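What follows is one structure encoded as structure tokens, with my remarks underneath.
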Amino acid sequence: MGLMKVFSGSEILALALQGKIEEIGVNTIVKNNIQSATLGGFGNLGQAVELFIQETDFAKANPIIEEFRLSI
């Protein structure tokens, strides 16, 4: 089992997608590079927040992910 990145972008969008994915019973992991950079004392450029799911859950979560991508 491995993790698959399904989104990277703003924290607001990542949390919105996380909620939609978790509503269907798929666990997510959020990597927040903004908080990490702030705690480390330096800034961060690029995509700030990444959302991951287990590879085995991709088939279940993919319709939600695609619908979300089309809506933004």
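The values are calculated or read from the model by the stated rules, or taken from the named source; none is laboratory data. Only a predicted model underlies this, so the values are computations on that prediction, with no experimental measurement involved. The protein model used for the area step is the full one, side chains on, heavy atoms only, and it has no ligands, DNA or RNA in it. Shrake-Rupley method; radii C 1.70, N 1.55, O 1.52, S 1.80 Å.
Subtract the Cα-Cα distance of K5 and E55 from 0.36 nm times their separation in residues, and report this length gain in nm to one decimal. Intermediate results must be reported in sequence, preceding the final value.
Numbers: separation 50, 0.36 × 50 = 18.00 nm, distance 0.91 nm.
In short, 17.1 nm is gained.
Pop out the ³J(HN,Hα) list for region 57-72 in order, Karplus 6.51 cos²θ - 1.76 cosθ + 1.60 with θ = phi - 60°, rounded to Hz; leave Gly and Pro as x.
Taking θ as phi minus 60°, the curve returns 9, 4, 4, 6, 8, 4, x, 5, 4, 5, 4, 5, 4, 6, 7, 9 Hz for region 57-72.
Which cross-chain or sequence-distant (5 or more) residues have an amide H under 5 Å from the amide H of F7, H modelled 1.01 Å from N in plane?
Residues meeting the criterion, in which the H sits 1.01 Å from N, are L51.
How do E55, E67, E11 rank by accessible surface area computed with a 1.4 Å probe, from largest to smallest? Don't skip to the answer; put the middle values down first.
Values: E55 100, E67 125, E11 70 Å².
Accessible-area ranking of E55, E67, E11, largest first: E67, E55, E11.
Which lysines have a Cα lying under 18 Å from the Cα of K60, excluding residues fewer than 8 positions away in the same chain?
Partners within reach: K5, K20.
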